[in-house]
Structure formats: structure tokens, C-alpha cells
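Report on the following structure.
The values are calculated or read from the model by the stated rules, or taken from the named source; none is laboratory data. Here the structure is a predicted model, which is why all the values come from computation and not from measurement. With ideal geometry, Cβ positions are generated from the backbone for all residues, glycine too; neighbour counts draw on all protein chains shown. Side chains are part of the model used for accessible areas, which takes the heavy atoms of the whole protein and leaves out ligands, DNA and RNA. Shrake-Rupley method; radii C 1.70, N 1.55, O 1.52, S 1.80 Å.
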Amino acid sequence: MTVSLVQPTGVAHTRIYAYGAARGENFVPNDDLVGPIDSSDEWIRQRTGIVTRVRADTSTTAVDLATDAAREAVEKSGVPADQIDAVIIATISNPKQTPSVSAIVADRIGANPAAAYDLNAACAGFAYGVAQADALIRGGIVRYAVVVGAEKLSDIVDPTDRSISFLLGDGAGAAVVGPSDTPGIGPTVWGSDGSRADAVGMNHTLVEFRDGEAEWPTLRQEGPTVFRWAVWEMVKVARQALEAAGIEASDLAAFVPHQANMRIIDEFAKQLKLPDTVVIGRDIETTGNTSAASIPLATHRLLEEHPELSGGLALQIGFGAGLVFAAQVVVLP
Ligand SMILES: CC(C)(COP(=O)(O)OP(=O)(O)OC[C@H]1O[C@@H](n2cnc3c(N)ncnc32)[C@H](O)[C@@H]1OP(=O)(O)O)[C@@H](O)C(=O)NCCC(=O)NCCS
């Protein structure tokens, strides 16, 4: 006699219940960084749109930032912390490879013994995490999940590097995902191109550092290469996400791209022909590029500044080191 295995089935739909945010404690204006890179406040404003970025105190860790953001999201969601059964944290800047940020955060927010794991998809990490939470809930092995993007990038910047260091900030953004009566998370369009792994990432391995062959590893990028890839290839991905969700750009209430460069954001808006009614996340101006945290931080801010966006559709797209990318349309809580 053959036995029949139980396989779970979940709910039909999911949605984001609430967002939380934590930013580094200190504003670091352009003028504080320009000396070692022979740059200027004017150059950085014109080429990136950044006026100042947030960076955390030395004693504040990515775990602390993630905890604060997750706690706010859970409190606002109304979901009891002990019913959260997955904590997914996207990060590339945890200086300890193990244990994960997520297991510690799950415990700190009262979600112990939730499943917990970290996810490395760089600046696409939050959108990857939302895709996973959605799939895990619809697959029936998770009821509520917290997805966090958390970075303390200031630990992996070289103040003399002109390619990326002046872009980067510290922060965490979180979202609670759970079951929904109506569709709240559209299909995710995602992927990677490892043939371009050298375009952005760490400049050395920890082993090279240990053996005295290299300085402390820091982030580097081929700026113009990444810029062109973002503008040309990512617009196609954004369009695919709209199409997969069955909507038009004019149906959007908000557009929240990864906060990499204001010129990239403007180019997206132009190429997607976003009408003026679509509110665009421009958190980069005062927060900088916080990699996995940038999309939820920008969304959190949009919802604070424009509460009328609640219930509207937002297109989010993340892209970065790997190269990797992910986009989806979500209903704003
Ligand atoms: C990094 C970035 C801001 C550089 O801007 P850019 O317009 O591409 O600048 P370029 O590298 O083409 O350099 C243009 C000029 O500025 C100079 N320059 C480069 N970096 C500079 C800096 N930090 N400060 C001052 N001048 C700088 C260059 O030397 C060059 O000078 P030249 O015209 O005399 O030769 C931009 O490429 C970028 O944002 N890239 C994508 C970032 C991204 O999406 N990352 C995703 C992963 S997080």
C-alpha cells in the first residue's frame, strides 16, 4: 500500500500590511566627503541628486537597524509578533557571516521560533524577499512574514573611493506580509546576469585581507556600466512587471525604484511615461543609497508624506550587485 504524503496549500492572495523604517542617526552632507575624493557638493548633487546621506553611529549595527524597522512594521500591522513565522532579511553588509541577522532579529521582536534567514541579492534584496514571502504564504508553509532590507554600508566604504562610497548610507526598511482577500502582490519579474559580476561588488576577499594581500574589503563599481544597464535593461523589467500584473503605468499611484541615482530615477519615469499623478520615491536625496533598505525606506517615507496613497498600486524595482534584479507591483497598505 502506498502512503499519501501531506503537502500544504496556502491562501490565494497576499498583501503588505505595514512598513517600518530605521535610518542611521547622523546626516552626512556632501561637503563632509568631498575632500578625499577630489569632488564637490555641486558635482554630487548634479550627478546623483544626493544632498546628504544618513549614516549610523559606530555602535549601531545592521541588526539594530533591522530590529527597529521590523518592530515598527509589526506593531503597525496589528499582527501579534508570535504569529510571525518567517523573518527574511536582505543584507550584504553584516560583518559576521554567521549567525544570521534574521535569527537575532526574530528573537528580538518576539517572533522566536520563526524561520529566519538572510538573503544576499544586494539592492534587489527587498523585492526578492517580498517575492519569497508571497510564495511561502501562498504555498502554505508561512502565515505571516516580515521582510527587511537592512544595511550598514558605512562599514564597507573606502572614503578615498570615487566610484561608489559617496553614494552610500545606512538604514533598514521592513514590511509585514500576510494573507489577503484580494490580490496585493503582483507577479515578480526577477533574474540575474553573473557574467557582469565584476560591475559592482566587494574589491577583495576576506582571505586576501587576512593574508595581508589587501586592505579591508570595500564596495566598488564601474559606475557608467551600471548606470547604462540600469537605464536600458531595468526599464524593460519594470514594463514586464506592469504587464505581468495586468496594469498600465497610468494605473499606478506610486513608483518606488531602488534609490541608486536620481538621474536613473528620472530616466525611468521618462521612459515608463509615468503621468504626473504617479508619486515617485526620491528618498535618495537625503538618505543616500542604502542598497536592500532603499525601497522600503522610500515607500515608508512616501506613505508618511502622502497618506492618500494607501490602497493604491506601487511599482517597485530593485537592481544591483550580481548583477541581479526584481520588480513587482504591490498594493500599498
Ligand atoms: C557613480 C556615478 C554617480 C558616476 O557618475 P557618471 O556621470 O557616470 O560619471 P563618470 O564616471 O562618467 O565620470 C564623469 C566625470 O566625472 C569625474 N568623476 C567621477 N567620479 C567622480 C566623483 N566622485 N567626484 C567628482 N568627479 C568624479 C570623472 O573623472 C569624469 O571626469 P571627466 O569628464 O573629466 O573624464 C554614476 O555612474 C552612477 O550612479 N552609476 C550607477 C549607480 C548604480 O546604479 N548602482 C547600482 C548598484 S548600488
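Of the candidates Asp31, Asp41, the single residue that is in the same structural domain as Ala175 (by TED's automatic domain parsing), open to solvent by 100 Å² or more (accessible area, probe 1.4 Å) and farther than 21 Å from Pro296 by Cα is Asp31. Scanning the stretch 283-310 for residues that are outside any helix (DSSP H, G or I) and closer than 19 Å to Ala124 by Cβ, we see that the one that is nearest to the ligand (Cβ to nearest atom) is Asn289.
Inside the stretch 15-53, residues that are of a type in the set (A, V, I, L, M) and within 16 Å of the ligand (Cβ to nearest atom) make up a count of 7. Given (1) assigned by TED's automatic domain parsing to the domain that holds Arg143; (2) outside any helix (DSSP H, G or I); (3) surrounded by fewer than 20 Cβ atoms within 10 Å (Cβ to Cβ), where does Ala86 come up short, assuming only one miss? Here Ala86 meets the rest and fails (3). Check the stretch 67-79 and report whether any residue there is farther than 23 Å from Gly322 by Cα and part of a loop (DSSP other than H, G, I, E, B). Yes: the stretch 67-79 contains one or more residues that are farther than 23 Å from Gly322 by Cα and part of a loop (DSSP other than H, G, I, E, B).
Restricting attention to the stretch 137-163, which residues are within 29 Å of Asn112 (Cβ to Cβ) and touching a helix residue (DSSP H, G or I) at 6+ places or on another chain (Cβ under 8 Å)? Hits for the stretch 137-163 are Val142, Arg143, Tyr144, Ala145, Val146, Val147, Val148, Gly149, Ala150, Glu151, Lys152, Leu153.
Close contacts from the stretch 79-95, counting a first residue that is under 15 Å from Gly129 (Cβ atoms) and a second that is in a strand (DSSP E or B) and open to solvent by 40 Å² or more (accessible area, probe 1.4 Å), with Cβ to Cβ under 6 Å and a gap of 6+ residues or different chains, come to Ala86/Ala115; Ile89/Asp118; Thr91/Asp118.
For Ser93, the conditions (1) in contact with a helix residue (DSSP H, G or I) (Cβ under 7 Å, 6 or more places away or on another chain); (2) more than 16 Å from the ligand (Cβ to nearest atom) are fulfilled apart from (2). Within the stretch 196-225, take every residue that is part of a helix (DSSP H, G or I) and in contact (Cβ under 8 Å) with a residue 60 or more places away in the chain and give me the one that is surrounded by the fewest Cβ atoms within 10 Å (Cβ to Cβ). Restricting to residues being part of a helix (DSSP H, G or I) and in contact (Cβ under 8 Å) with a residue 60 or more places away in the chain, the top hit is Ala197.
Under the condition of being closer than 17 Å to Arg53 by Cα and buried (at least 17 other Cβ atoms within 10 Å of the Cβ), the residues counted in the stretch 266-285 number 4.
Beta carbons closer than 7 Å, at least 6 apart along the sequence or on distinct chains, pair a first residue in the stretch 165-186 that is in a loop (DSSP other than H, G, I, E, B) with a second that is within 15 Å of the ligand (Cβ to nearest atom) and not aliphatic (A, V, I, L, M) for Gly169/Arg53; Gly169/Thr287; Gly169/Gly288; Gly169/Asn289; Gly169/Thr290. Taken across the stretch 97-120, residues that are closer than 16 Å to Ser294 by Cα, assigned to a strand (DSSP E or B) and open to solvent by 10 Å² or more (accessible area, probe 1.4 Å) do occur, with at least one present.
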